[in-house]
Structures are given as structure tokens and as C-alpha cells.
Amino acid sequence: MKKIYVIGITVLTLGLALLIIGKVNHGEQEADLANSGKRSSMIERASNFFTHGEQSTHKVKTVTKITQVKPFSSIKLNVDQPDVQIAHGEKFQVTVVGHNPKKVGIEVTDHQLIITDNGSYDDGYRIAITVPKNKDLENIDGSCSEGDFSLRDLTIGKVDLQLQDGDVTVNNVKTKNANFYLDDGDMMLTDSSLFQSILNLNSGDLTVTNCHLKTTASLDDGDVSINNSKIIDDCLFNLNDGDFQASQISKTSCRLSIASYDDDDDENINYHGHSYRKYFSEIIKGTPLLKVVCSDGGIKIN
């Protein structure tokens, strides 16, 4: 502070001296600039100080709540904006991480685990549900408005989920029947078996790696990539705006079509190194049928 006062006195003295020798205008301009710089610097420092104080005051503490629940065989979800993970663990347990975990309702009724938040919880919390390793689940169904969703190391009779905004990860999961509706987000299937499934993605990509698959999949705006997987029964992929790519998949019959042909290699049919316009079909006796329809995009299988 002393340095600031000394500088101020010096500038003032210089201004007076310049006034005395007749350089009034020039001196006034320098004084105005100097004082303006000081005022701006002081205001900025003060603003930063109070802003920092406000940030510190409003910092929300994260709390973890672990609830051990009665055994259950199905899960019902009605949650708004959490990230959700369901996986094998040591116990029947629900862990909620957020600023107020008590807002999340947890109950087991008739062997069904019910998780709700009544839409009252903001974005930024997580729910982890664990099932003992020797236990299978009969059913998982429900909805989540916003947040990533993960299923890992599970055997499930049926899955029926409505998800609005977030990515879906399915890893090492076996299910007899799966229905996924995803409005905005990507879906990744890895090391899993879906013996019958319906996959609806409005805006997002579908990636399938090392899986056994029977599905009817519809994508409005997104690409499909299938790698090192087995088509166990007839599959249909309907893409409105996106490309289909498959490599190292099991032997299948195929029926491939695109709405328009373009000289651009990205928008045609490429089947094991050969290019076709608009349509290609190959029937191999005793194999499932892979049908792909692209309204705006290309198909590549190798």
C-alpha cells in the first residue's frame, strides 16, 4: 500500500509541475490514464476477491450413502438425472453419491428394488447397485432422463429401459430379451449376449464388440460398428442418417441396400472388397440373415 501511495504522490507532483510549466493538457491526460489504470486494477482485485469468496461459500459437499437392502430379483428405476451403474458385487447394496443422498428413495417390495427421486434431484449424483455374483436378475426396467447408464457382469432375464440423454454401456451381460430406447447418446455393447433385442437410438452411435447378437436396431442419426461378433439369428439394422460397418463377424446371409449411390466411397455398398450400387444380396443356406437399410449413408462389411 505504501508503494501505491508513493506512486500516487509522485504522479500528482509531476502533474503539478507540468501545469506550472504550461503543459496542462498533456499532464491531465497522463494523470487520467494513470488513475484509470489504478482504479481498474483495484476494482478487478476486489471483484476477484469477492467472487472467490462466493465460490467458496457455495461449494457443495459430496456425501456418500451406502444402503444394504433385502435380497431382490428385479429392479425398477424412476430417476431424473443420475449416472447409474448396476453390477455384480459382494452384497445386495445401493450406494448414492451426491450432495443430498437422502432425496433418493430406496425400498425393496416383493423382491423388487425400487429407486426413485421424484425429479427433485439436480444433475451431478451417482447411483451404484450391486448384486451378489451368484445371483441373476429377472428384470430391469424403468427410465432415466439424463445421465450415463452402465450394466456390467450380469445375467438378466429381461431389460426394458427408456433413457433420454446419456451414454449406455453394456459389458459382460447376458440377457434373453432387451429393449433399449435412447434419445441422445451412444450405446456400447461389449463381451455380451443379447439373444433377442430391440435397440432404438434417436441420436447416437451403436458400437458392438465381441458379442452374440440378435436384434432389430433403428438409428435416426448415428453410425453402427460391429466387430468380432456373432450374428446368432436374423438381424435388421435400419439407419436413417449414418453408416454401417462390420468386420470379423460370423458367416451370414445378407441383404444390403442404400437409398442412393454416390461416387464417394463413403456412400455405397462395399462387401468384402467389392463395391455395389444401391443393393446387394447373398443367401447362404443355414445361416441367419443380416439385413441393413441405409437411407443416407454407406455400408461396409469385411
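Remarks
- Taking the criterion of being among the hydrophobic types (A, V, I, L, M, F, W, C) and either farther than 22 Å from K61 by Cα or modelled with pLDDT under 95 (or both), the residues of region 98-120 that qualify are V104, V108, L113, I114, I115.
- Here G147 meets each of (1) farther than 18 Å from Q81 by Cα; (2) at pLDDT below 95; (3) small (G, A, S) with one exception, condition (1).
- Being in contact with a Ser or Thr (Cβ under 8 Å, 6 or more places away or on another chain) and within 29 Å of D141 (Cα to Cα) is a property that holds for D241.
- Test: residue in region 277-297 that is within 22 Å of D186 (Cα to Cα), hydroxyl-bearing (S, T, Y), in contact (Cβ under 8 Å) with a residue 40 or more places away in the chain and assigned to a loop (DSSP other than H, G, I, E, B): yes
- Being within 27 Å of H212 (Cβ to Cβ) and small (G, A, S) holds for only one residue in G166, G124, and it is G166.
- Qualifying positions in region 208-223 - over 20 Å from K158 (Cα atoms) and either in contact (Cβ under 8 Å) with a residue 40 or more places away in the chain or small (G, A, S) (or both): G222, D223
- Single residue of region 193-224 satisfying the filter (among the small types (G, A, S) and in contact with a Lys or Arg (Cβ under 7 Å, 6 or more places away or on another chain)) that is surrounded by the most Cβ atoms within 10 Å (Cβ to Cβ): S197
- Selection within region 146-155: residues that are touching a residue at least 24 places away in the same chain (Cβ under 8 Å) and not hydrophobic (A, V, I, L, M, F, W, C). The member of this set that is farthest from L182 (Cα to Cα) is D153.
- Just so you know, in region 225-242 the residues that are free of Cβ contacts under 8 Å to residues at least 40 places away in the same chain and in a loop (DSSP other than H, G, I, E, B) include one that is surrounded by the most Cβ atoms within 10 Å (Cβ to Cβ), and it is S229.
- Any hit, region 132-140, residues being within 18 Å of the chain's Cα centre (by Cα) and assigned to a strand (DSSP E or B): no
- Those residues of region 182-221 which are under 20 Å from C144 (Cα atoms) and of a type in the set (A, V, I, L, M), in sequence order: L182, M187, M188, L189, I198, L199, L201, L206, L219
The values are calculated or read from the model by the stated rules, or taken from the named source; none is laboratory data. Quick caveat: nothing in here was measured; it's all calculated off a predicted structure. Because the Cβ atoms are built from the backbone with ideal geometry, glycine has one as well, and the counts that use them run over all protein chains shown.
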